[in-house]
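Since the structure comes first, as structure tokens, the remarks are kept for the end.
We did not get these values from a lab; they are worked out from the coordinates using the rules stated. Fair warning: this is a prediction, and the values are worked out from it, not measured in the lab. Cβ placement follows ideal geometry from the backbone for every residue including glycine, while neighbour counts extend to all protein chains displayed.
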């Protein structure tokens, strides 16, 4: 099972754990994540304006490269995933954006949204299968109570992300069960932690992230997992719960597979 | 601002974001679900009818446009697919597209860094706040 893999800026720097534990786990699961050559930063926020073209180009370059390599494109960071999947949707559905992007890029073969984009969680669920994953767990996290934090970017807008039910998601909970732990369901799991305003308005980021962790703690979680480096930073720094560790889901995966 | 110039600005905002403000039925669900609503002077549902009434300058001058968390909750949960987040971004972008109006400047960044701050925070802030 071979995929093109887009790590993104943060996974090469402050978010290395998200990347290295995913690579180690993928290897253990027989999944090859081939890093896309010469990828560029996606910009971390999807530009919603239809007349914003330049800000969408780096995502299209990644998508077109994966297409040329005849592979699906796997992402890991929630923000990269959101940006690349939404830009890909534009390239499938918005003729004006398609025309202007292709005029700009002058690719050998124009890009028209051919690449399928998958989050690594979708690879685990839909390609490996959680049942198969469960069979490969050597160190089940029995007795652990883990709260999945989806945040905003993994699920929304749901028509485009099409990964899970945006209000009652299960992919992370099913993942938690597959690695032998017990998922903790709490109301704030798909509400924003305020990470995007951590620079602009730290007070707001504190209030939001504290509300998330208060809720997870009140439901008895011993750990919170996320797929987003900004959520991880914000929840840890501003969440006000030193008693509640926040880790990448890939770290727990690597632990369960015995490759941490 | 003259009436015509203002109308052109509203039209530009609606066209480049593909939002139809007339679909709004004023249910207020966007504001009820907005995690930043209490930090905002004008709430998401107010953005809709203020743009409809052409009050873009008032929105552009309000700190509310910098409080949006870009979490897409209002877009996801709007029962009429009006997508308020697009309008809030539209007003913010209309501001930073004007010369000299960048809300975040590169020289401000070093003071904002800490040891653990992910690149994603800076990249996203530039995309949201600067042109």
Arrange the following residues from fewest to most other Cβ atoms within 10 Å of their Cβ: A:214, B:20.
-> B:20, A:214
Selected from B:109, B:21, B:51 as most flexible by GNM, with chain B as the system and alpha-carbon contacts under 10 Å = B:109
For the protein assembly as shown, percent of DSSP beta bridges that are antiparallel (nearest 5) comes out at 0 percent
Between A:73, A:57, A:105, which gets the highest mean-square fluctuation from a Gaussian network model of chain A, Cα cutoff 10 Å?
-> A:105
Simple spin-label estimate for residue A:242/residue B:25, 7 Å along Cα→Cβ, in nm, reads 5.1 nm
Sites residue A:13 and residue B:33 - FRET efficiency at Förster radius 30 Å, r taken between beta-carbons, to 0.05 | 0.35
Förster radius 41 Å - calculated FRET efficiency between residue B:61 and residue A:168 (Cβ-Cβ, nearest 0.05) = 0.55
The exposure ranking of A:2, A:135, fewest beta-carbon neighbours within 10 Å first, is A:135, A:2
At 20 °C and 1.002 mPa s, grab the translational diffusion coefficient of chain B from Stokes-Einstein with a Kirkwood Rh over Cα pairs, rounded to a whole number in µm² per second.
-> 138 µm²/s
Exposure proxy check on B:86, B:99, A:145: fewest-to-most Cβ neighbours within 10 Å is B:99, A:145, B:86
For a label point 7 Å along the Cα-to-beta-carbon line of residue A:139, residues of the stretch A:237-260 with backbone N under 13 Å = A:251-260
Based on DSSP H runs of at least 4 residues, each adding -39500 (n - 2.57), what is the mean residue ellipticity at 222 nm of chain B after dividing by all its residues, to the nearest 500 deg cm²/dmol?
-> -14500 deg cm²/dmol
Shielding by partners - mean other protein chain Cβ count within 10 Å, residues of A:162-171 = 1
Estimated translational D of chain A in µm²/s (Stokes, Kirkwood radius over Cα pairs; 4 °C; 1.567 mPa s) | 69 µm²/s
Could you work out how far the C-alpha centroid of the stretch B:49-71 sits from that of the stretch A:122-180, in angstrom?
-> 37 Å
